[in-house]
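All remarks here apply to the structure that follows.
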Amino acid sequence: MCEIAKVICALIVMAKDGSLEKVYNEWTLVGALTASGLPAAIYALQNSLLQISYKNLDSLTFSILNQTKIIFTALFTYLILRQKQSIQQIGALFLLIVAAVLLSIGEGSRKGSRSGSSDQILFYGIIPVLVASLLSGLASALCQWASQVKKHSSYLMTVEMSFVGSLCLLISTSKSPDGEAIRRHGFLYGWTPLTLIPVLSNAFGGILVGLVTSHAGGVRKGFVIVSALIATALLQFVFEGKPPSFFCLVALPLVLCSISIYQKYPYQVKKKES
């Protein structure tokens, strides 16, 4: 449903800015598979891992660990696009690693001591979100390559990746527990009007991130990410009555500093003296 919502949003935006007809006339299957096929399959696997992690971590812990995707994005953009990092950015990535390790160890031991399921927290909560972050970094670098090198429209990539990703998800339901539940109870079993909130939020979020990056720049995007982490902490307390743990309180400022530094001090190409 998230992928369908993304397609609808992207098509509406392209129709509004007048690029839909041009994109339709220039579209080819080979070009779509080359630019969007692999990233779409990666994102489909990533989303499945995130769904597993959602069920085993609280919202703030999940959000903080999910920010490790910046580390993997930096790694894969260097390997694929040879995009270098500044000294400040390397230091920011180190802070992020420290926060992720601290949070992983702390949250795993804390929840394990309460429920006796530390292995479940580790293998079904922490590891899936970290693997998903790695896959996100790889897919992000591939999308950047397609956008900058292949000059592929970002909105068109959203449509293509959502379509391929939906096919991957449908195929996976043939063997997954979710697929069995869908066949037994129906596709929309357990849905309420409130279920549309995360579905539409994910769809609009994917579109808005691209717009913020394009029109406002990476620095403002960094502040948006920081604000989202703070909002997650506040909303978790309001709706779940769960205050942030000690480990979250230590890790959160590290992540905030890391993201702010990383966005504020990009790598500058040194000009050669004539």
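Within the set of pairs 6+ apart or on separate chains, which have a first residue in segment 160-176 that is over 14 Å from Val7 (Cα atoms) and surrounded by 18 or more Cβ atoms within 10 Å (Cβ to Cβ), a second that is acidic (Asp, Glu) and modelled with pLDDT of 80 or more, and C-beta atoms under 9 Å apart?
Note: pairs meeting the criteria are Leu169/Glu3.
May I ask you to verify whether Ser53 is under 14 Å from the mean Cα position of the chain (by Cα) and either in contact (Cβ under 8 Å) with a residue 24 or more places away in the chain or farther than 30 Å from Ile121 by Cβ (or both)? If you could, list the steps in order and put the result at the bottom.
Working: under 14 Å from the mean Cα position of the chain (by Cα): yes; either in contact (Cβ under 8 Å) with a residue 24 or more places away in the chain or farther than 30 Å from Ile121 by Cβ (or both): yes.
Yes.
What number of residues in segment 245-268 are in a loop (DSSP other than H, G, I, E, B) and open to solvent by 30 Å² or more (accessible area, probe 1.4 Å)?
Residues flagged as in a loop (DSSP other than H, G, I, E, B) and open to solvent by 30 Å² or more (accessible area, probe 1.4 Å) within segment 245-268 amount to 4.
Pick from segment 68-105 the residues that are open to solvent by 20 Å² or more (accessible area, probe 1.4 Å) and not in a helix (DSSP H, G or I): which of them is farthest from Cys257 (Cα to Cα)?
Narrowing segment 68-105 to residues open to solvent by 20 Å² or more (accessible area, probe 1.4 Å): 69-73, 75-76, 78-85, 87-88, 90-91, 93-95, 97-98, 101-102, 104-105.
Those still in the list that are not in a helix (DSSP H, G or I) too: 82-85.
Working: Arg82: 25, Gln83: 22, Lys84: 20, Gln85: 17 Å.
In this case the residue turns out to be Arg82.
Can you tell me which residues in segment 183-197 are in a helix (DSSP H, G or I) and open to solvent by 60 Å² or more (accessible area, probe 1.4 Å)?
Arg183, Arg184, His185, Pro193, Leu194, Leu196, Ile197 - these are the residues of segment 183-197 that are in a helix (DSSP H, G or I) and open to solvent by 60 Å² or more (accessible area, probe 1.4 Å).
Of everything in segment 198-227, what is more than 20 Å from His152 (Cα to Cα), open to solvent by 50 Å² or more (accessible area, probe 1.4 Å) and modelled with pLDDT under 75? Give them in sequence order.
Val219, Arg220, Lys221, Phe223, Val224, Ser227
Answer yes or no as to whether Ala32 is touching an Asp or Glu at 6+ places or on another chain (Cβ under 7 Å), surrounded by fewer than 23 Cβ atoms within 10 Å (Cβ to Cβ) and in contact (Cβ under 8 Å) with a residue 24 or more places away in the chain.
So Ala32 fits the description; yes.
Does Asn25 meet the test of being free of Cβ contacts under 8 Å to residues at least 12 places away in the same chain and of a type outside the set (Lys, Arg)?
Criteria met by Asn25.
Picking from Lys175, Lys151, which residue would you name as being among the basic types (Lys, Arg) and farther than 30 Å from Ala74 by Cβ?
None of the other options fit; the residue is Lys175.
Considering each of Ser133, Ser19 in turn, give the residue that is surrounded by fewer than 17 Cβ atoms within 10 Å (Cβ to Cβ), among the hydroxyl-bearing types (Ser, Thr, Tyr), touching a Phe, Trp or Tyr at 6+ places or on another chain (Cβ under 8 Å) and at pLDDT 80 or above.
Ser19
Identify, please: which residue in segment 50-61 is assigned to a helix (DSSP H, G or I) and in contact with a helix residue (DSSP H, G or I) (Cβ under 6 Å, 6 or more places away or on another chain) and is, among those, most open to solvent (accessible area, probe 1.4 Å)?
Residue satisfying both the conditions and the ranking: Ile52.
The values are calculated or read from the model by the stated rules, or taken from the named source; none is laboratory data. This one's a predicted model, so the numbers in the text were calculated from it and none came from an experiment. All Cβ positions, even for glycine, are placed from backbone atoms using ideal geometry, and neighbour counts span all protein chains on display. What goes into the accessible areas is simple: the full protein's heavy atoms, side chains included, and nothing from ligands, DNA or RNA. Shrake-Rupley method; radii C 1.70, N 1.55, O 1.52, S 1.80 Å.
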